[in-house]
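The structure appears right after this line, and notes come after that.
The values are calculated or read from the model by the stated rules, or taken from the named source; none is laboratory data. Note that the coordinates shown come from a computational prediction; the quantities given were computed from them, not determined experimentally. Cβ placement follows ideal geometry from the backbone for every residue including glycine, while neighbour counts extend to all protein chains displayed.
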Amino acid sequence: MPIPQGPKEEQCVSMMQKILSFELKRRIAELYSRMENAYDAVARQLNFTCEGCPDNCCDSFFQHHTYIEWAYLWEGLYTLPEAQRETYIERAKNCVIESEAMLGRGERPALMCPVNDEGLCALYSYRLMICRMHGVPSAFMRPDGRKIEFPGCFRCQDLVEGKENIPVVDRTELYRDLAMLEAEFLGHRRHVLPRVKLTLAQMLVQGPPRIPEPC
Ligand code: SF4
Ligand code: SF4
């Protein structure tokens, strides 16, 4: 991620590791739990589970887009013993190197997430929104009125093929609430910060987000 340019003389700014307040931690945990409930409700209606899946989508290449999720992920990492955290960071460094090589060859990286231990997520309560939404069909309405639809994973697509009135998770409110939390977390600094577009491995390698603070 490009770091914002250094401070101008008349506008003294230092880069601080931004810590989430207790209240923001509580609210993002609550939002994540709503995402989980919305997902589970649709999965139940479809009688869909990940059990017996020959794939593990934790090796998919995807990027995340909010500072608050990045910071919360690090809250999760700090709950782990240091040796375990260091293991994940080392794995993440390898992931980043391999991903860049694969992207350079025009391939889409398929590398296991660095915090996945033998198929299980070591940061399950702190996993990011995309991790929580992938699987069942979902959709959201953009502010311009355009509807974006996600068909779900390949197994779920097979399951619903030919069916009508398929239930979907509506991501609209969930996205809106995440955007509100992000705005609250960053405050006026959101206007000067570069857009986040990072894989989870990159978030581990870069450390917690660093946000400019007035000196
Ligand atoms: S979401 Fe779909 S592809 Fe991923 S593990 Fe579950 S069933 Fe498999
Ligand atoms: S954070 Fe957890 S759920 Fe998300 S990709 Fe990594 S191991 Fe999978």
Original post:
What number goes with the only condition from (1) of a type in the set (D, E, K, R); (2) away from ligand 1 (no atom under 15 Å from the Cβ); (3) in contact (Cβ under 8 Å) with a residue 12 or more places away in the chain that Arg105 does not pass?
Top reply: (3)
**OP:** Those residues that are surrounded by 14 or more Cβ atoms within 10 Å (Cβ to Cβ) and of a type in the set (Lys, Arg), I need them from segment 160-181; list them, please.
**Re:** Arg171
Subject >> Top-ranked residue of segment 41-70 - restricted to ones that are under 30 Å from Pro209 (Cα atoms) and of a type in the set (Asp, Glu), ranked as farthest from ligand 2 (Cβ to nearest atom) >> reply: Glu69
**OP:** Answer with yes or no whether Arg171 is at negative phi, within 16 Å of ligand 2 (Cβ to nearest atom) and not polar (S, T, N, Q).
**Re:** no
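Table: residues versus (1) modelled with pLDDT of 95 or more; (2) in a helix (DSSP H, G or I); (3) more than 15 Å from ligand 2 (Cβ to nearest atom).
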residue: Tyr72; (1), (2), (3): yes, yes, no
residue: Gly76; (1), (2), (3): yes, yes, no
residue: Arg85; (1), (2), (3): yes, yes, no
residue: Ile89; (1), (2), (3): yes, yes, no
residue: Lys93; (1), (2), (3): yes, yes, yes
residue: Glu98; (1), (2), (3): yes, yes, yes
residue: Pro114; (1), (2), (3): yes, no, no
Original post:
Between residues in segment 145-167 that are without any contact (Cβ under 8 Å) to a residue 24 or more places away in the chain and residues that are within 16 Å of ligand 1 (Cβ to nearest atom) and in a helix (DSSP H, G or I), which pairs lie under 7 Å by C-beta distance while being six or more apart or on different chains?
Top reply: Pro151/Gln157
Subject >> Close pairs from segment 49-63: first more than 26 Å from Met203 (Cα to Cα), partner outside any loop (DSSP other than H, G, I, E, B) and near ligand 1 (Cβ under 8 Å from one of its atoms), Cβ under 7 Å, at least 6 apart >> reply: Cys53/Arg155
Subject >> Residue list for segment 19-40, filter: within 16 Å of ligand 2 (Cβ to nearest atom), closer than 22 Å to Ile166 by Cα and free of Cβ contacts under 8 Å to residues at least 12 places away in the same chain >> reply: Asp40
**OP:** Only residues that are assigned to a helix (DSSP H, G or I) and buried (at least 20 other Cβ atoms within 10 Å of the Cβ): list them for segment 189-201, please.
**Re:** Leu200, Ala201
Subject >> Number of the exception - Lys18 against (1) modelled with pLDDT under 95; (2) surrounded by fewer than 18 Cβ atoms within 10 Å (Cβ to Cβ) >> reply: (2)
Subject >> Considering residues of segment 141-188 that are of a type in the set (Val, Ile, Thr) and part of a loop (DSSP other than H, G, I, E, B) only, the residue nearest to the chain's Cα centre (by Cα) >> reply: Val168
**OP:** Kindly check whether there is at least one residue in segment 133-140 that is within 16 Å of ligand 2 (Cβ to nearest atom) and within 21 Å of Gln84 (Cα to Cα).
**Re:** no
Original post:
What is the number of the single condition among (1) closer than 19 Å to Cys131 by Cβ; (2) touching a Pro at 6+ places or on another chain (Cβ under 8 Å); (3) of a type outside the set (Phe, Trp, Tyr) that Val192 does not meet?
Top reply: (1)
Original post:
Quick one: in segment 119-149, which of the residues that are of a type in the set (Lys, Arg) and away from ligand 1 (no atom under 12 Å from the Cβ) is nearest to Leu73 (Cα to Cα)?
Top reply: Arg127
